[in-house]
Amino acid sequence: MSVDGAYFDAMYADSEDPWGFGTRWYERRKRALTIASLPYERYERAFEPGCSIGALTRDLAGRCDTLLAWERVAAAAQRAEHELAGFAHVRVHRGSVPREWPQGSFDLVVLSELLYYFGDTDLRSLLDRTAGSLRPGGTVIAVHWRHPAADHARLGDDAHDALAAHEGFTSVASHSEADFRIDVHSAGSAPPTSVAQREGLV
C-alpha cells in the first residue's frame with residue numbers, strides 16, 4: 001500500500017522543513033551529487049514531482065530552460081513557490097502523482113526521495129507515466145535514502161531496482177553510498193551516448 005497523503009500533511013503541520021532539506025549538510029551534498037550526475041548540461045523541459053520546499057528545485061533551475069515542480073501539500077508548495085519566486089522559468093503546482101500527471105513531454109524527470117512511498121500498483125503507474133512522458137533519449141534520475149524507515153512503503157533500493165527493471169529505461173550511471181543511491185537512466189532501449197562521446201573525446 002502507498003503511504004496515505006495525511007502522513008505528509010501531518011509532517012508539514014509539525015515543521016515547515018520536516019526532513020531538514022534546507023539545513024543539513026547531508027542534504028546539500030546529496031543535491032550537489034544529484035546535479036553533477038545529470039548527463040546533459042542543459043535540459044529544455046523538466047518535471048520534478050514531490051518537490052517539497054523546493055531545495056533541489058532551486059539547484060535544478062540552473063540546468064533547465066523550463067522546470068515544472070509539483071507538490072501535494074499546500075504548505076510545502078507555498079514555501080517552494082516563495083523560495084523560487086525569482087526564477088521566471090520555474091513553475092510550482094499543487095499536484096499528486098501518479099493519479100495526476102502533467103501534459104506534454106519532458107527531457108528530464110527527477111524522482112527524488114519519492115518512490116519508496118508507493119505500493120506496487122502506484123509505483124508501476126508512476127514509472128509507466130514517467131516513461132510515457134519522456135522524450136526519446138530523455139533522462140530520469142532517481143535518488144533515495146537506503147536505510148529502512150517505518151514510514152516508507154518499501155526500501156529505497158527496492159524502488160531503484162524497480163526503476164532499473166522497467167522496460168522503458170536504459171541505465172546510464174549509478175552512485176551508491178551507505179546512506180543513499182543515485183541512478184540515472186535514459187528513455188528507450190538504445191544504448192545512450194556518453195558525455196565524452198558527445199564531446200568528441202572518444
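Scanning segment 57-88 for residues that are without any contact (Cβ under 8 Å) to a residue 40 or more places away in the chain, in contact with a helix residue (DSSP H, G or I) (Cβ under 6 Å, 6 or more places away or on another chain) and among the small types (Gly, Ala, Ser) yields a count of 1.
Checked against the criterion of being at pLDDT 95 or above and farther than 21 Å from LEU33 by Cα, the candidates GLY156, GLY137 yield just one match: GLY137. Counting only residues that are without any contact (Cβ under 8 Å) to a residue 60 or more places away in the chain and closer than 17 Å to PRO148 by Cβ, how many does segment 101-127 have? Residues flagged as without any contact (Cβ under 8 Å) to a residue 60 or more places away in the chain and closer than 17 Å to PRO148 by Cβ within segment 101-127 amount to 2.
Only one of the numbered conditions (1) of a type outside the set (Gly, Ala, Ser); (2) free of Cβ contacts under 8 Å to residues at least 24 places away in the same chain; (3) crowded, with 17+ Cβ neighbours inside 10 Å is violated by PHE47, and that is (2). When you go through ALA55, ALA32, ALA36 one by one, which is the residue that is exposed (fewer than 12 other Cβ atoms within 10 Å of the Cβ), of a type in the set (A, V, I, L, M), farther than 16 Å from THR139 by Cβ and out of contact with any Cys (no Cβ under 8 Å at 6 or more places or on another chain)? When all the criteria are applied, what remains is ALA32. In the list GLY86, GLY54, which residue meets the criterion of being closer than 20 Å to TYR26 by Cβ and of a type outside the set (Ser, Thr, Tyr)? Just one listed residue meets the conditions, GLY54. Anything in segment 138-180 that is over 24 Å from PHE8 (Cβ atoms) and in contact (Cβ under 8 Å) with a residue 60 or more places away in the chain? List them, or say none. Scanning segment 138-180 gives THR139, VAL172, ALA173, HIS175. Scanning segment 74-130 for residues that are farther than 28 Å from PRO39 by Cβ and of a type in the set (Lys, Arg) gives ARG79, ARG94, ARG99.
I'd like to check something: does segment 115-133 contain any residue that is surrounded by 14 or more Cβ atoms within 10 Å (Cβ to Cβ) and within 20 Å of ASP65 (Cβ to Cβ)? Full working, then the answer.
So in segment 115-133, the residues surrounded by 14 or more Cβ atoms within 10 Å (Cβ to Cβ) come out as 115-118, 122-131, 133.
After this cut, where a residue has to be within 20 Å of ASP65 (Cβ to Cβ) as well, the list is 130, 133.
Yes, segment 115-133 has at least one match.
Looking only at strands (runs of 3 or more DSSP E) that lie completely in segment 1-100, which have at least 1 residues being within 26 Å of ALA150 (Cβ to Cβ)? Before you say what the answer is, go through the steps one by one.
Values: elements: 43-49, 64-70, 90-93.
Output list reads 43-49, 64-70.
Evaluation of TRP101 against the conditions (1) exposed (fewer than 13 other Cβ atoms within 10 Å of the Cβ); (2) modelled with pLDDT of 95 or more shows that the sole unmet condition is (1).
What do you reckon, is ALA196 over 21 Å from the mean Cα position of the chain (by Cα), touching a residue at least 40 places away in the same chain (Cβ under 8 Å), farther than 22 Å from LEU123 by Cα and exposed (fewer than 13 other Cβ atoms within 10 Å of the Cβ)?
Values: over 21 Å from the mean Cα position of the chain (by Cα): yes; touching a residue at least 40 places away in the same chain (Cβ under 8 Å): no; farther than 22 Å from LEU123 by Cα: yes; exposed (fewer than 13 other Cβ atoms within 10 Å of the Cβ): yes.
Here the answer is no, as ALA196 does not meet what is asked.
The values are calculated or read from the model by the stated rules, or taken from the named source; none is laboratory data. Quick caveat, the model's predicted, so the values are computed rather than measured. Every residue, glycine as well, gets a Cβ built from its backbone with ideal geometry; the counts of neighbours run over all protein chains shown.
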